[in-house]
Structures are given as C-alpha cells and as structure tokens.
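Notes follow once the structure below has been shown.
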Amino acid sequence: MSGEHNKITASGRIEIVKQKARPNVVDYISRIFDDFIEFRGDRAFGDDQAILGGIARLGDIPVTVIGHHKGKNTQENIDFNFAMAHPEGYRKALRLMKQAEKFHRPIICFVDTPGAYCGIGAEERGQGEAIAKSLQVMMALETPVITIVTGEGGSGGALGLAVANKVYMLENAVYSVISPKGFASILWKDATREKEAAELLKMTAQDLYDAHIIEGIIPEPEEGAHKDVKQMCKNIEAVLRQDLAELTGISGQELAQLRYEKFRHMGVFLER
Amino acid sequence: MLIDLFKKTRYISVDLDYNERQKELGPLVVCPFCKKSMRAKEYEQRLHQCQHCGKYGRLNPEQRLAITVDEGSFQLMNENVYTTNPLDFKGYEEKIAVLQEKTGCTEAVTTGVGTILGEKTCIAVMNSEFLMASMGSVVGERLTRLFEYATEERLPVIIFCASGGARMHEGILSLMQMAKVSGAAGKHSQAGLLYITVLTDPTTGGVTASFAMLGDVILAEKNATIGFAGRRVIEGTIGTELPKDFQTAEFVEKHGFVDKVVSRQELKEVLAKILKLHRLEAGN
C-alpha cells in the first residue's frame, strides 16, 4: 500500500467503494475462477438474487463461491435489491455451504452489502433466524472458508457470509457494526455528523487489521479497484491460492476448531 | 323558582382518614403502556402485569430471577469481566459507571447457575435498563463463558433475551460477539445439551440475529416486541406505517419462529417442565 493511499479517510474510502464503477462479484468470479455454474434457490421459499452462488474451479481445485450481488445499473440494482439480502438469500448461501462441506469443497465468499434488508417480508420470513443460523453453521463447517470483504461490509448482513477461517478486506473496503449515518443519528441524534462517525467507528481495512479482526489487507490499484480490475483480481487470486494450499492440508474438524478459537478470542474487556 | 337554587344546601363528603388509608395501601405506579395507575404492591404481586391493559412491564435481572429461580439457589458468575472503551468513545466509561450505580448491575447481562423448581440450569438475564441490553464485548464474553461452563458441567442454558442489538459504542467488536456467542451455543448443542431462549420485550437487532434465535426451544413472553430491524427503520425503508401487531411475540409465533408464547404467570412452570423432560430423556 502506498503511503499516499494510507491517508485516505474512512469517508473517502466509503465513497470509493460505493462508486458505480466498483467491480462487483461477477467481475471477480469471471476473472479469478473457471467453469463457474450458478446454483439458485433456498429450496424453501425462493431465489434471492441479492446473493449469488455456485461452483467453480480455482486452478485444479473445485470451490463453492458465494457473494453479495451489487448491480451495474438501475435495473440490476432493483433486481438484486442493492445487494441487501432477504432471509432466503442467507438460506441459499447456507445450503450451498453445506453442499460444499459434503463434497469437501473450500468455500470462498465475497462480501459487499449495505446490510441485510429491512422490510416486512424479511421480518415475516425470519431475517434474524436466517442470519443466526448462518453464523452458527458457518462456525462449524468442516471445510476451509475464506471471506473477502470487497466493498461495504454492512453489519449482520456482512457477518452472515464472514464467519471464515481467513477474512480479508480490499484496501478501500469498510466493515462496521452500523453505518456511520446510523451511528450519528442514534448516538448523537444528528445524522449530519456522518463523517465524524465514520472515523470514530474504526471501520477501514487497516483499523480491522490492527484490531486483529481480519487476517490481511489486499492492496488495490492506485485510485481503487475499478482502475485496473484485472490487476485487482490477480491480487485476490494470489491470496486465495496461497491460503487454499495451506488450508486444504488441515482436517475438517481442525478447521472448524481453529475458526471457533479465532472468534472466541474477539472482544476487549478487563478482568478483575 | 330561581331563588330555590340559592337556598339549596349541597353536601360533599370529606374523608378525614383518606391520607391514612392511602398510606396503608402503599405507593402507586403508572403502567408504561396505558399510563393508568395502580398500587405498586399489587403490580408486583401480578408479576408486573398491568391490571388495566394486561401488558407486562420489563423486568430487571433481580426481578426476573426472583420470579424464576428457587429462593436462594442462584449463584452469580462472570462478574469479574467488565467493560472498557475500545473506540475511545467520549463519555462511554462515564455512562457505564452511571448505569452501574443506577441499576446495581455491572453490565447488561447477569449470568449464573441456579435451580427452577429443583431443576439445575445455567441462566442469563439481559437487562434492558442497561444501555438497552445492547451486546458489547462483556455481554458476549459472559454469555460465552456461561455456555462453556454449561458444556463442561453438562447443564442446560436458559437465556432471557432482551436487547436493542449490538452495542455501537464498541464498533466492530460488538458485531463479532454475535459470531462468538453463536459459536459457543453451537458447541453446547453439539454436546447434546439443552438450550432454551425466552424472548422478552424487546428482543431485536444483533441479538435476534444470533443467540436469541438459536434455542432448541424458543419461548416468548406475551406482547413482547421481537424482530430484526427496528420498526422505524422499516417504516423509513418502505415509506408506510406498519400494522400494530407487527413484530409482536404473537406475530413471530404465527410466522413460525417461536415454539410457544407464554404468560409470565406460567413461565416458571413451563421452563421446569421442559427442563425435566430433557433430564429424563438424557437418562440422568
């Protein structure tokens, strides 16, 4: 990461990752993997296009790939609900993860969502239950799980695909418990203090790396991933290949245990 | 005749013992929902259920434990874990100190072990008086330790859930508690042990989206608000007003996410019954 780039504020990075030109999950899948086949539906209610999933190949290794799906234009954004998933999206993702576990395929998740959708249908169909189940089941998966936060890591909606052995963030990605606007309006009763909140929340890749929440930061091309998508994908692929070489040598049970222990130690408190 | 009106003598009764009698009846409380008043003593006897509108007032851990566990059986645990200020959020430590003073609790969850009609179980009670029972590092750590203890000792776990969600003051660490506690509940479950959640008013946000919805048995108190997103957030998103019964215990039960809606009066017995049935099944 260049020194100049390090100086970008959290708000500046939010602007970068919210740009229309920012690569989406399809850009990454098509350049990093071969033979991708999309698998749809949660086998219960429907197919939520806010989350895209399927199987593919990374070199010689068959993998399951799942990611939040942001649109490239207005129509796509309407179709994909701006990557804000309903419960059936998380249930589809979980179905594909259990399938991956059965066939000993590593799972690779791409996170880029403002958050899980807030609406009537989402509540009726158990948004809370769907995310809760994702967290618990992901934690115990006996197969390697790698998550890359590529843009917006919006709270529980992001975490629902991020209980992984290795979590990375792209250099400009953000990941937070609440949006800066939400934080400012709830805690300060003043939504205009959004920028101040963004800094305070410590939501940049560097912040999360320093707090030992993520394993690493994947560098972006100068001015952001959209400036050189090919190079961006190369950087991601290098990380994935290295990790898969390491993780595929570990037993399933041990992978689940390592993942649990990692999250077990998250939290800052004092002890008398 | 008009003059008769002025002649008429009117009597009013003056109760000279009024103040005395009021004192004997004790102080009044006002229902937080219908705003009607009633005697505090009676309200307490009715387990904080309003005699006018029938709604339940929120209980703090002390009140909840008093009506749930066998007298003298509860042993506090994990009180040595306490809050710090990871984001250097201005005024956070002071806020915690004030709340500790006000509530007599050290954090937003009280954990321990006790018996319910003789059935031994680990218990956690979340405290809506303490920053709306939001989950930060301490709540996450205490609950995780409770699950670990229960797994080790082969005990069931009951969590009385209530929460506004993740504690924003602690940033991303709060979000990670959702994964941590869900994972610990998973380990407890893998060991074949029973986990019951009781959803009380209000159970929302990151707590709904983690351990609250992971019970083997999920009970909910009548009328409790249960949901993922806040009502106002949803109204803001969809641009219309929501029906009154939206996100109530009954609504969530109807949609299949709660095993049973229970009254506060029957809750203790229902819990004991479930605990007992699982004890028999396990053959202990």
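The values are calculated or read from the model by the stated rules, or taken from the named source; none is laboratory data. What you are looking at is a predicted structure, and each value in this text was computed from that prediction instead of being measured. Because the Cβ atoms are built from the backbone with ideal geometry, glycine has one as well, and the counts that use them run over all protein chains shown. Surface accessibility is based on the protein's heavy atoms, side chains included, excluding ligands, DNA and RNA. Shrake-Rupley method; radii C 1.70, N 1.55, O 1.52, S 1.80 Å.
Mind listing just one residue for me: the one in the stretch A:215-235 that is of a type in the set (A, V, I, L, M, F, W, C) and open to solvent by 10 Å² or more (accessible area, probe 1.4 Å) and, of those, nearest to A:PRO180 (Cα to Cα)?
Selected residue: A:ILE217.
Please verify whether the stretch A:65-75 includes one or more residues that are among the β-branched types (Val, Ile, Thr) and in contact (Cβ under 8 Å) with a residue 24 or more places away in the chain.
Within the stretch A:65-75, one or more residues are among the β-branched types (Val, Ile, Thr) and in contact (Cβ under 8 Å) with a residue 24 or more places away in the chain.
Taking the condition of a type in the set (Val, Ile, Thr), under 18 Å from the mean Cα position of the chain (by Cα) and open to solvent by less than 10 Å² (accessible area, probe 1.4 Å), does A:VAL163 pass?
yes
Tally the residues that are open to solvent by 70 Å² or more (accessible area, probe 1.4 Å) and either in contact with a Phe, Trp or Tyr (Cβ under 8 Å, 6 or more places away or on another chain) or closer than 18 Å to A:VAL111 by Cβ (or both), restricting the search to the stretch A:236-272.
Total meeting the criteria: 3.
Being open to solvent by 20 Å² or more (accessible area, probe 1.4 Å) and part of a helix (DSSP H, G or I) is the filter; apply it to the stretch B:162-187 and report the residue that is nearest to the other protein chains (Cβ to nearest Cβ).
B:MET168
Out of A:ALA205, A:ALA245, A:ALA198, report the one residue that is away from chain B (no Cβ under 14 Å) and modelled with pLDDT of 95 or more.
A:ALA245
Among the numbered criteria (1) touching a Lys or Arg at 6+ places or on another chain (Cβ under 8 Å); (2) more than 14 Å from chain B (Cβ to nearest Cβ); (3) touching a residue at least 60 places away in the same chain (Cβ under 8 Å), which one does A:TYR90 miss?
Every condition holds for A:TYR90 apart from (2).
Residue check: is B:THR204 among the polar types (S, T, N, Q) and open to solvent by 20 Å² or more (accessible area, probe 1.4 Å)?
yes
Please enumerate the residues belonging to the stretch B:209-262 that are at the interface with another protein chain (Cβ under 8 Å from one of its Cβ atoms), under 17 Å from the mean Cα position of the chain (by Cα) and either open to solvent by 40 Å² or more (accessible area, probe 1.4 Å) or of a type in the set (Ser, Thr, Tyr) (or both).
Within the stretch B:209-262, just B:SER210 meets the criteria.
Can you tell me how many residues in the stretch A:123-173 are more than 7 Å from chain B (Cβ to nearest Cβ) and part of a helix (DSSP H, G or I)?
Looking only at that region, the number is 7.
Given the condition in a loop (DSSP other than H, G, I, E, B) and either within 22 Å of A:VAL145 (Cβ to Cβ) or modelled with pLDDT of 95 or more (or both), answer yes or no: does some residue in the stretch A:87-100 qualify?
There is no residue in the stretch A:87-100 that is in a loop (DSSP other than H, G, I, E, B) and either within 22 Å of A:VAL145 (Cβ to Cβ) or modelled with pLDDT of 95 or more (or both).
Give me the helices (runs of 4 or more DSSP H) completely within the stretch A:1-75, filtered to those with at least 3 residues that are open to solvent by less than 20 Å² (accessible area, probe 1.4 Å), ordered by residue number.
Ranges flagged: A:10-17, A:25-32.
From the residues in the stretch B:263-281 that are charged (D, E, K, R) and touching a residue at least 60 places away in the same chain (Cβ under 8 Å), which one is surrounded by the fewest Cβ atoms within 10 Å (Cβ to Cβ)?
Filtering first and then ranking leaves B:GLU269.
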